[in-house]
Amino acid sequence: MLNLFGHTFRHGVHPPESKGLTEHVPIRRMPFPKRIALPLRQHAGKPAKCLVRKGDRVERGDKIAEADGYVSVPIHASAAGTVAEIGWWPHPDGSMVETVVIDVEHYSPQIPRPRMVPDWHGLTPDQVRAAVQEGGVVGLGGAAFPTHVKLAPPEELPIEWLLVNGAECEPYLTTDHRTMVEYPERVHFGIRIMMQCLGVKRAVIGVEMNKPDAIEALQRTIPADLDVTVRGLTVKYPQGAEKMLINVVTGREVPSGKLPMHVGTVVQNVGSIATIAEIFETGLPLIERVVTVTGPGVRRPSNLIVPVGAMLGDVLDFCGGITDDAEEIVFGGPMMGSSQPDMRTPITKGTTGVVVLTASEVKPKKTYPCIKCGHCLDACPVFLNPSQLGLLAQAGRYDEMQTRYHLQDCMLCGSCSYVCPSNIPLSQMFALSKSALRKQAAAAPPPPPKTEDEGAEGAKVA
Ligand code: SF4
Ligand code: SF4
C-alpha cells in the first residue's frame, strides 16, 4: 500500500536535486565501443583471479576472472573480442588496478553463448546464492558489496524485512529512478527471489517522493501474492544510506559497529534486485548496467545501458561530448562521487553515474581554518563531530578518530563537507583516514600463537 506521508531521519542536508536533465529520459543502449577494460577489482572483498591470457578469444558473457574466496565475485566479458593486454590500468578510485583489456570484435552480433537459465522455483537458498555469486552480482548503488553474502545471514540473526533501496538521494542521478519506471515487474521478480532465499514475508521499497512516476509504476505492478509496500520518503540527503533507510522504515537503529542484519533487515539496491531478476530470466551474468550521464557540462544527458568496462571517453562521446566550460567529471554524483581525470577509466559494476560539472557547481579548492560554526555537526546524520574529526585527521591521529570519535560510523556521505563554509574537504579526509587505518591493520604483526592451554580455554569461552 502506498504511504503518502514522508518519513525521514534527523539531520542531513538539502542539496539541489538537479535531476531534471534526465529524470524523464528513457534508458537506451550504448553501442559497443572498440575496447573495454575490465578491472579485476570491481567489488568489495578480494579481487577476482584472472582466467585468460593475452590473445585469448572470448564471447560476450564468458567468465574472464573467477571469485577468489567467499567475499568475491567473478568477472565476465561484456563484449566478444580478443584479450589485447592484461596490465595496470586507471581505476575509478584513483589507483592503478590489474585489468583485462579486450579489443571488441567489430562485426560480432554480440550474442552470448546459449546458457542454462536457472529455474528459481526449485532452488534451495544455497543454490540461489551460488547462482547470484556466479553471476557476479554486487550492490549497484555504489558500494559494490557482493550480493550473495547479504543473502546469507547467520542462523542466529533471523531476517524480518527486506528493504529495497530506491531512494536515489544523490543529486543528478536517475539510474534507479528510470529502472523503477521502466522495469517495475523485473524489480518485483527480483524481490520475490530474494524474499524466498531469505525466508522473509515482508518487503518495503523506499522511494523518495520526488519520483512519483516510479512510485506509481511499482505500486501498479505489485504481484497479488507478495507482501510488498511502496513507501514514499521525504526528499533529503542521505535518505538512501542503509542506516537511514532502516531507521525511517522500521524505526530501528543499527548500533555502532553493527550491520543491518543485527536489526533483522537486509537492504538491497533496486538496481541489484533487477540484476538478480535478469539472471533468473536470461541466465546472463552482470555484464552491463544502467548509468546516468548528466550534468551541465555534457551535451546530451542520457540514461544508458553501458557494457561494464566501457571507457569514460567513449561514454561521453556517445553523449555528444563535453561542453567548453566543463570543469570536472565525477563518477557517482557530486556528494559522494570521485573526480576522474583520465578518459581511459572504465565504467565498473559500481558506477552509478557520470556527472560533468561546470565551474559554478565545483566547490572552490581554497580552504580556510575551521571557524567552529557547528554546521557540520547539525548536518551529520549519524551524530558525529566532523569538526573534531577533521582536526585529528589533519594531525594524523587516526587511532583517536576511531577509538574516541567513532570514525567507523562515518558513511562518507559528504554532508559535512557540503555545509562547511571553510570548504574543508572533511569526508575526503575521513576516507583517507579510514584507508590509513586499514593499511595499519594489514601491516600489524599477527598476535603471538596461543599455547595449547590458552587455546583450549579460548575454545571453551567461544
Ligand atoms: S561524511 Fe561522515 S562525518 Fe561527514 S556527515 Fe557524513 S557520516 Fe557524518
Ligand atoms: S562546518 Fe567547517 S567551519 Fe564549521 S565547524 Fe564544521 S569544520 Fe568547522
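The values are calculated or read from the model by the stated rules, or taken from the named source; none is laboratory data. This one's a predicted model, so the numbers in the text were calculated from it and none came from an experiment. Don't worry about glycine lacking a Cβ; one is built from the backbone with ideal geometry, like all the others, and counts go over all protein chains shown.
I'd like to verify a number: residues in the range 267-323 that are more than 25 Å from VAL100 (Cβ to Cβ) and either without any contact (Cβ under 8 Å) to a residue 60 or more places away in the chain or not aromatic (Phe, Trp, Tyr) (or both), how many?
First, pick out the residues of the range 267-323 that are more than 25 Å from VAL100 (Cβ to Cβ): 267-270, 273-274, 277, 280-281, 292, 294-303, 319-323.
Of the ones still in play, those that are also either without any contact (Cβ under 8 Å) to a residue 60 or more places away in the chain or not aromatic (Phe, Trp, Tyr) (or both) are 267-270, 273-274, 277, 281, 292, 294-303, 319-323.
Of the residues in the range 267-323, 24 are more than 25 Å from VAL100 (Cβ to Cβ) and either without any contact (Cβ under 8 Å) to a residue 60 or more places away in the chain or not aromatic (Phe, Trp, Tyr) (or both).
On the basis of being closer than 30 Å to CYS319 by Cα and either part of a loop (DSSP other than H, G, I, E, B) or away from ligand 2 (no atom under 14 Å from the Cβ) (or both), does THR367 make the cut? Write out each step before concluding.
Working: closer than 30 Å to CYS319 by Cα: no; either part of a loop (DSSP other than H, G, I, E, B) or away from ligand 2 (no atom under 14 Å from the Cβ) (or both): yes.
Criteria not met by THR367.
Give GLU156, GLU185 a once-over and let me know the one that is acidic (Asp, Glu) and at pLDDT below 95. Don't jump to the end; show me each part of the working.
Working: GLU185 fails: at pLDDT below 95.
Every option except GLU156 fails the conditions.
Tell me which residues, restricted to the range 324-346, are in contact (Cβ under 8 Å) with a residue 60 or more places away in the chain and either buried (at least 21 other Cβ atoms within 10 Å of the Cβ) or part of a loop (DSSP other than H, G, I, E, B) (or both).
Result: PHE331, GLY332, GLY333, PRO334, MET335, MET336, GLY337, GLN340, ASP342, ARG344, THR345, PRO346.
A quick yes/no check of all residues on (1) within 19 Å of SER433 (Cα to Cα); (2) at pLDDT 95 or above:
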| position | (1), (2) |
| --- | --- |
| GLY297 | no, yes |
| ASP325 | no, no |
| GLN340 | no, yes |
| THR345 | no, yes |
| VAL354 | no, yes |
| ALA359 | no, no |
| LYS366 | no, no |
| CYS380 | yes, yes |
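Would you mention how many residues in the range 109-140 are at pLDDT below 85 and in contact with a Gly (Cβ under 9 Å, 6 or more places away or on another chain)?
Residues meeting the conditions: 7.
With a cut-off of at least 2 residues that are farther than 22 Å from LYS63 by Cα and in contact with a helix residue (DSSP H, G or I) (Cβ under 9 Å, 6 or more places away or on another chain), name the helices (runs of 4 or more DSSP H) lying wholly within the range 84-188.
Values: elements: 125-134, 147-150, 175-182.
Passing ranges, in order: 175-182.
Just checking, which of ILE64, ILE75 is in contact with a His (Cβ under 8 Å, 6 or more places away or on another chain), crowded, with 20+ Cβ neighbours inside 10 Å and hydrophobic (A, V, I, L, M, F, W, C)? Let's see the steps before the verdict.
On the way: ILE75 fails: in contact with a His (Cβ under 8 Å, 6 or more places away or on another chain).
Going through ILE64, ILE75 in turn, the sole match is ILE64.
Here are some residues: LEU412, LEU437. Which one is out of contact with any Cys (no Cβ under 6 Å at 6 or more places or on another chain), of a type in the set (A, V, I, L, M, F, W, C) and within 16 Å of ligand 2 (Cβ to nearest atom)?
Details: LEU437 fails: within 16 Å of ligand 2 (Cβ to nearest atom).
It is LEU412.
Tell me which of these CYS373 doesn't satisfy, since it passes every other one: (1) under 24 Å from PHE9 (Cβ atoms); (2) within 14 Å of ligand 1 (Cβ to nearest atom); (3) more than 26 Å from the chain's Cα centre (by Cα).
All conditions pass for CYS373, except number (2).
Pull out all pairs, ordered by first then second residue, where Cβ-Cβ is under 6 Å, the residues are six or more apart or on different chains, the first lies in the range 421-441 and is away from ligand 1 (no atom under 12 Å from the Cβ), and the second is part of a helix (DSSP H, G or I).
As it stands, the answer is ALA436/TYR398; LEU437/TYR398, since those pairs meet every condition given.
Here are GLY232, GLY257: which of them is in contact (Cβ under 8 Å) with a residue 12 or more places away in the chain, among the small types (Gly, Ala, Ser) and surrounded by fewer than 17 Cβ atoms within 10 Å (Cβ to Cβ)?
Working: GLY232 fails: surrounded by fewer than 17 Cβ atoms within 10 Å (Cβ to Cβ).
None of the others qualify; the one that does is GLY257.
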